[in-house]
Every structure is written in C-alpha cells, then in structure tokens.
1. List the helices (runs of 4 or more DSSP H) that sit entirely inside the range 1-105 and contain at least 2 residues that are touching a residue at least 60 places away in the same chain (Cβ under 8 Å).
2. Of the conditions (1) closer than 21 Å to Ile118 by Cα; (2) touching a residue at least 12 places away in the same chain (Cβ under 8 Å), Gly170 satisfies every one except a single condition; which number is it?
3. Does Phe109 qualify as being in contact (Cβ under 8 Å) with a residue 12 or more places away in the chain, among the aromatic types (Phe, Trp, Tyr), at negative phi and not in a strand (DSSP E or B)?
4. What are the residues in the range 132-173 that are under 18 Å from the mean Cα position of the chain (by Cα) and of a type in the set (D, E, K, R), if any?
5. Step by step: first the residues of the range 106-149, then only those that are polar (S, T, N, Q) and touching a strand residue (DSSP E or B) at 6+ places or on another chain (Cβ under 7 Å), then the one that is surrounded by the most Cβ atoms within 10 Å (Cβ to Cβ). Which residue is that?
6. Looking at the range 199-235, which of its residues are closer than 15 Å to Ile145 by Cα, in contact with an Asp or Glu (Cβ under 9 Å, 6 or more places away or on another chain) and not charged (D, E, K, R)?
Amino acid sequence: MTISDDDSLARLKEIGRIVANTLEAMGKAIEPGMTTAELDQIGRRLLDVEGARSAPELDYAFPGATCISVNEEIAHGIPGPRRIAEGDLVNIDVSAEKGGFYADTGASFAVPPVTRSIERLCRDGRRAMWTGLRQVGTGKPIAGIGQAIGNFARKNRYTLVRNLASHGVGLSLHEEPTEIATWPNPSERRIMGDGLVFTVEPFLSLGAEWAEDGHDDWTLYSNPQAPTVQYEHTIVVTRNGPLVVTTPG
C-alpha cells in the first residue's frame, strides 16, 4: 500500500506497535523447557487483548498465531510440542491485522548459553537489517537495499538466504511491491515512492543460501543446514528515510 493520509498512517502505526510489543514480550518469555506452542499462546493472548488478529491465520489459515522457527527451521515454523532448549536459536515472526491494516515484524533470539559465533550472528543480523533500512527513501532505488545488505554480508563473511524476500504490506500481509530482494539483484529496477509500505527482512546465515520445504506445508529449513537469523521491520518510505512503524511503545 501507499500511505496517503494521516488516518491511515495512524492505523498502520497502531498495528505496528501491537506486533512490536507482542514480539518483544514473546522474546522475553522464552525459557528452556517451554514448548513453542506455549510461547505462541503468549503471543495470541497479547494480540487478543489489543483486538488484533493473527495475519497468517487470517490470510492463509496458518496453524498458529505466530511463526516460531527453531535452529534448522528458519521460517514459518508451526508452534507445537517442540521444547526450547539451552543453546537454541529461536526466530519469532509476528504479523497481525486490526481495522483492515497489517504490520509484520520478526527477530531471532539465542537461548543462553550460546557460542560467540551465534552471539555475533544475532548482532550482525540486526545490523544487516539496519544496513538495508538506511537505503530507504523517496526516489531511491529498491535495488539499493539488497546491494547494501549483500556488501555487509560479504564483508563480514556471511551468506544470505536468497529465496526469502521482503514484501509490500499494509492492506494485506503480502502485496505489491512483491519479491524485494535483500541480496544483490541486478534486474531490480523499481523506485521507492513516497508513502510506500513494505518490510525489510534479511536472512543472514553462517552458510545457508536457500530455504527449502520440509515435512509439512509450512516450515522452511536452511540449505545447506547452518545457523540463520532473521530480523524484520515494517516501514513507510519518506523523504527523510524509513519511518519504522514496528517499534514497541
């Protein structure tokens, strides 16, 4: 969507705040021994309290309120009986709708104790996202996002998962502009318009380059298998850069 009035922006900021607060609370609630279903229930209750609806459930009949992916799972993990353990790498993706507006956010959490390489991966995953966000602005090329993230990954000896892209959001969970690469894409020619709403969500890895299907209809796995993190914000393009709407408050 493209934001064209103050009321739409206020509604987008509201759902952005809701998903950001939910993600933050779920991250703080992670404990060894709890199941991913129990963690998902925390997210569901928080969305319910705010009058928001899970976007993956609403739009795609996903079997959970949030996506929770552990270790070899890198996206769209189904909440269930899997127990979180010390040393796990847990990705939580929270997207929701309220009043016809959608926002999408995500982050990866390392469950202590973890190695220095995993701590560094989490730190640099967030840095990679912000490297891409700094390329956002009215009139700028969309390709600049993936080019900047790609340079960051190469410089710091990481790989990027190249078949999980950023996307437009706002009036539905996935909309135009689709397939926004968070890796260098020479064929990308689109330009960011003022008020355009989309996500920036690189998947930074210690070796994976692809996401592949698993044993169910949803969960995606790293290929080659390697620790992988994802950090995601929903933003609005402005002349002063990105307006991040998925911030807690």
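1. Counting at least 2 such residues, we get 6-29, 55-60.
2. (1)
3. No; evaluated as a whole, the condition is false for this residue.
4. Arg134, Arg162 - these are the residues of the range 132-173 that are under 18 Å from the mean Cα position of the chain (by Cα) and of a type in the set (D, E, K, R).
5. Applying the first criterion (polar (S, T, N, Q)) to the range 106-149 yields 108, 115, 117, 131, 135, 138, 147.
With the extra rule that they be touching a strand residue (DSSP E or B) at 6+ places or on another chain (Cβ under 7 Å), the set shrinks to 108, 138.
Values: Ser108: 25, Thr138: 15.
This residue is Ser108.
6. Thr199, Val200, Pro202, Leu204, Tyr231, His233, Thr234
Residue-by-condition table, conditions (1) under 18 Å from the mean Cα position of the chain (by Cα); (2) surrounded by 17 or more Cβ atoms within 10 Å (Cβ to Cβ); (3) within 15 Å of Leu173 (Cα to Cα):
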site: Asp6; (1), (2), (3): no, no, no
site: Pro32; (1), (2), (3): no, no, no
site: Thr35; (1), (2), (3): no, no, no
site: Phe62; (1), (2), (3): yes, yes, yes
site: Cys67; (1), (2), (3): yes, yes, yes
site: Ala75; (1), (2), (3): yes, yes, no
site: Gly80; (1), (2), (3): no, no, no
site: Glu86; (1), (2), (3): no, no, no
site: Lys98; (1), (2), (3): no, yes, yes
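This table checks each residue for (1) modelled with pLDDT of 95 or more; (2) in a loop (DSSP other than H, G, I, E, B); (3) of a type in the set (A, V, I, L, M).
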{"position": "Pro177", "(1), (2), (3)": "yes, no, no"}
{"position": "Gly193", "(1), (2), (3)": "yes, yes, no"}
{"position": "His215", "(1), (2), (3)": "no, yes, no"}
{"position": "Trp218", "(1), (2), (3)": "yes, yes, no"}
{"position": "Ala226", "(1), (2), (3)": "yes, yes, yes"}
{"position": "Leu243", "(1), (2), (3)": "yes, no, yes"}
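The values are calculated or read from the model by the stated rules, or taken from the named source; none is laboratory data. Source: prediction; values computed, not measured. Quick reminder, even Gly has a Cβ in these numbers, built from the backbone with ideal geometry, and neighbours come from all protein chains shown.
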